[in-house]
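Readers should treat all values here as calculations from the given coordinates under stated rules, not as data from a laboratory. These numbers come from a predicted model, not from an experiment. Positions of Cβ are backbone-derived with ideal geometry, glycine not excepted, and every protein chain shown enters the neighbour counts.
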Amino acid sequence: MGTNEDKFKRVISHAKEYGFIFQSSEIYDGLSAVYDYAQNGVELKNNIRQYWWKSMVQMHDDIVGIDSAILMHPKTWKASGHVDAFNDPLIDNKDSKKRYRADVLVEDYCAKIENKIDKEILKAKKRFGEKFDKEQFVITNPRVVGYKEKISTILSRLGKSLENEDLEDVKNLIIELDIVCPIAGSKNWTDVKQFNLMFGTKLGASSDTATDLYLRPETAQGIFVNFLNVQKSGRMKIPFGIAQTGKAFRNEIVARQFIFRMREFEQMEMQFFVKPGTQNDWYQKWKDTRMKWHISLGMGEDNYRFHDHEKLAHYADAATDIEFKFPFGFKELEGVHSRTDFDLKQHQEFSGKKLQYFDHELNESYTPCVVETSIGLDRMFLAIFSNSLCEETLENNTTRTVLKIPSFLSTYKVAILPLVKKDGLSELARNIYNELKLEFNVTYDEKDAVGRRYRRQDAIGTPYCITIDHQTKEDSTITIRDRDTMVQDRIPLKGVENYIKDKVSFNSALSKML
Ligand code: GAP
């Protein structure tokens, strides 16, 4: 499918052409970094959310879910540190007048060095063939070792400078690395400045009495402020978790890469409350559990990696990103953070309400520590969508575009296709559609030749197509076509529901995590 850039363009145009994602307010020329999910996209998005909810909430007897409001008391954001510290370091290029995130400029520079490492590995793989030992190669090849050292030195300096708020050194780093503006090609940079990412809004009708509010930049705080409500009403014992999914808003200045970085997006977060001192064990456990969840989707283990943070957020004592290989390289998909007791203590201080847990076994009260897992639903959508989109050359030299979404997440599970409209086949097919729609999300299509209809279903990722033909009338059998292999089997109509159910339920993926 050509270069990664071409592939990414194909992903974006396919998402629009086949009704997955549209630019928001497109008829008014769109709103940058805001997107709408279309008729096929909303189903896929719902299925991903449901798969996360099932595995996170319903499969853990020590985790419960909530759905807290987007608008919260303004003190929430003072307490959480977002008013003072939820900033991005920005830098402008004086020639192009374009604004960039200074840390992203440096990280992109490092990603280019990573690409050089990948090229060295590829070359060596070709040279050594079967005998190639990648692990050995990356720790012994002088060029690769040099590249890795360079990346590590740069990122550790960036991390330290950001942690110490030394923005002058961040600018110096950009200058020293000879990083140029991708538009102007020049190094004519301004100083680096901090920019707060929260969207403000107002509560109340008159301008004198209105209260300033923020649209939440993360769902987590709705969980922290409800910690005691849930613990008491649910009689929860530590360790336990609270999960939720919902919208979050960030005034991203460098908003690009389609739905990877949006201004309005959805998070799926879980805060796990633990006894202080045990947080590191739980952090390791949740790292493993979340990686297993990703692997359970069957999109290839090599597409994921951990990236431990050099620079820790103001609330964390350990943090890692689960990165995914998007068409534009490995980037953060999910964060796992050990947030200490920071948030609960802050809310306790700012609200004046005690937010402690009484441990009956120890006969003492304490403020629990929190390990959080936080994943962007839209990023997960992009990971699945981009990884699934393939262009295949068939035996007869034609090509087909197919979206090999894991079947249990696909928009439709099955398409019902009468071979022709006449001879009662439409009516028969409609009856089958009406029966199966009770169990699955099913689509019905009787327009055009059946080959074209198969292609349409391939392009939206429907894993099974059922064709009703004249033989169906005689012996009550149908043909069922598999999206990935294109193999068609003739099976009795009676068994078709179980045949599909087996293949499209969450169960087999979920059981990989037990
Ligand atoms: N409560 C912790 C928290 O919000 P984060 O690393 O800022 O941590 C968590 O965000 C996840 O939310 C990210 O890993 C990413 O998947 C998603 N996310 C963050 N900003 C986003 C944006 N602007 N657009 C889409 N997804 C975003």
query = Once both labels are modelled 7 Å past Cα along the beta-carbon direction, what's the Glu114-Ser96 spacing in nm?
reply = 2.0
request  = Using Cα centres only, tell me the gap between segment 410-429 and segment 167-245 in whole Å.
outcome  = 49
inquiry  = How many angstrom lie between the Cα centre of segment 1-56 and the Cα centre of segment 335-380?
reply    = 34
note = Ranked on Cβ counts within 10 Å of their own Cβ, fewest leading, Ser156, Ser511 go Ser511, Ser156
note = Listed by chain and number, the residues whose amide H is under 5 Å from that of Leu31, excluding neighbours fewer than 5 places away on the same chain and using placed H, are Ser24
query = P(r) tail for segment 33-166, what percent of Cα pairs lie past 23 Å?
reply = 68
ask   = Under 5 Å between amide H atoms, partner at least 5 residues away or on a different chain: which partners does Leu213 have, H built in plane at 1.01 Å?
value = Thr201, Lys202, Leu203
query = Projected onto the charge dipole of segment 1-119 (+1 at Lys/Arg Cβ, -1 at Asp/Glu Cβ, origin at the Cα centre), which of Ser32, Ser80, Ile63 gives the Cα projection farthest towards the positive end?
reply = Ser32
query = Under 5 Å between amide H atoms, partner at least 5 residues away or on a different chain: which partners does Gly65 have, H built in plane at 1.01 Å?
reply = Ala243
ask   = Which whole-Hz couplings ³J(HN,Hα) result when phi for each residue of segment 201-213 is put into the Karplus expression 6.51 cos²θ - 1.76 cosθ + 1.60, θ = phi - 60°, listed in order with x for Gly and Pro?
value = 8, 10, 10, x, 8, 8, 5, 6, 9, 5, 9, 7, 10
request  = With N set to the residue count of segment 277-345, report its C-alpha Rg divided by 2.2 N^0.38 Å to two decimal places.
outcome  = 1.20
task = At 7 Å along the Cα-to-beta-carbon direction for both Thr211 and Gln58, put a label point, then send me their distance in nm to one decimal.
result = 3.6
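To the nearest 20 Debye, how big is the dipole of segment 205-320 about its Cα centre, given +1 on the beta carbon of each Lys and Arg and -1 on that of each Asp and Glu? List each step's numbers first, then the result.
Values: 16 positive and 14 negative charges, 73 e Å.
In total the dipole reaches around 360 debye.
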message = Give me a comma-separated list of calculated 3J(HN,Hα) values for segment 217-226, in order, Karplus coefficients 6.51, -1.76, 1.60 applied at θ = phi - 60°, integers in Hz, x for any Gly or Pro.
response = x, 7, 7, 3, 5, x, 7, 4, 5, 9
key: Proxy reagent accessibility, fewest Cβ within 10 Å first, across Thr211, Thr201   = Thr211, Thr201
task = Could you list the residues of segment 134-175 with an amide nitrogen less than 11 Å from a label point located 7 Å from the Cα of Asp84 in the Cα-to-C-beta direction?
result = none
task = Give the residue from Pro463, Thr278, Thr398 lying farthest towards the positive end of the charge dipole for the chain; charges sit on Cβ (+1 for Lys and Arg, -1 for Asp and Glu) and the dipole is referred to the Cα centre.
result = Thr398
query = Once the mean 1/r over all distinct Cα pairs of the chain is inverted, what Kirkwood radius in angstroms do you read off?
reply = 25.9
inquiry  = Taking θ = phi - 60°, what integer Hz values does the Karplus form 6.51 cos²θ - 1.76 cosθ + 1.60 yield along segment 8-22, in sequence order, with x for Gly and Pro?
reply    = 5, 4, 5, 4, 5, 6, 5, 4, 7, 4, 9, x, 9, 9, 10
ask   = Can you tell which of Gln194, Gln136, Ser156 lies farthest toward the positive end of the dipole of segment 87-196, using +1 and -1 charges on the Cβ of basic and acidic side chains (Lys, Arg; Asp, Glu)?
value = Gln136
request  = Rounding to the nearest 20 debye, state how big the charge dipole of segment 87-196 is about its Cα centre with +1 on each Lys and Arg Cβ and -1 on each Asp and Glu Cβ.
outcome  = 680
task = Based on other C-beta atoms within 10 Å, arrange Cys369, Cys110, Cys181 from fewest to most.
result = Cys110, Cys181, Cys369
note = The size of the Cβ-based charge dipole (Lys, Arg +1; Asp, Glu -1) of the chain about the Cα centre, to the nearest 20 debye, is 740
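Counting only helical runs of four or more DSSP H residues, what would the 222 nm mean residue ellipticity of the chain come to if each run contributes -39,500 (n - 2.57) and the total is spread over all its residues? Numbers along the way, then the final one.
Values: 18 runs with 199 residues, N = 514.
Value at 222 nm, helices only, nearest 500: -11500 deg cm²/dmol.
For a test of the definition: using alpha carbon positions, the gyration tensor, and the 1.5 limit on a/c, classify segment 87-196 as rounded, prolate or oblate.
On the way: a/c = 3.42, a/b = 2.16, b/c = 1.58.
Prolate, because a/c is 1.5 or more and a/b exceeds b/c.
Given the alpha-carbon gyration tensor of segment 413-514, what are the semi-axes of its equivalent ellipsoid in whole angstrom, ordered largest first, with each equal to the square root of 5 times an eigenvalue? Display every interim value, and only then the final one.
Numbers: eigenvalues 112, 46, 28 Å².
Sorted largest first and rounded, they come to 24, 15, 12 Å.
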remark   = For the pair Lys126 and Gln284, the simple spin-label estimate (label points 7 Å beyond Cα toward Cβ) gives in nm 4.2
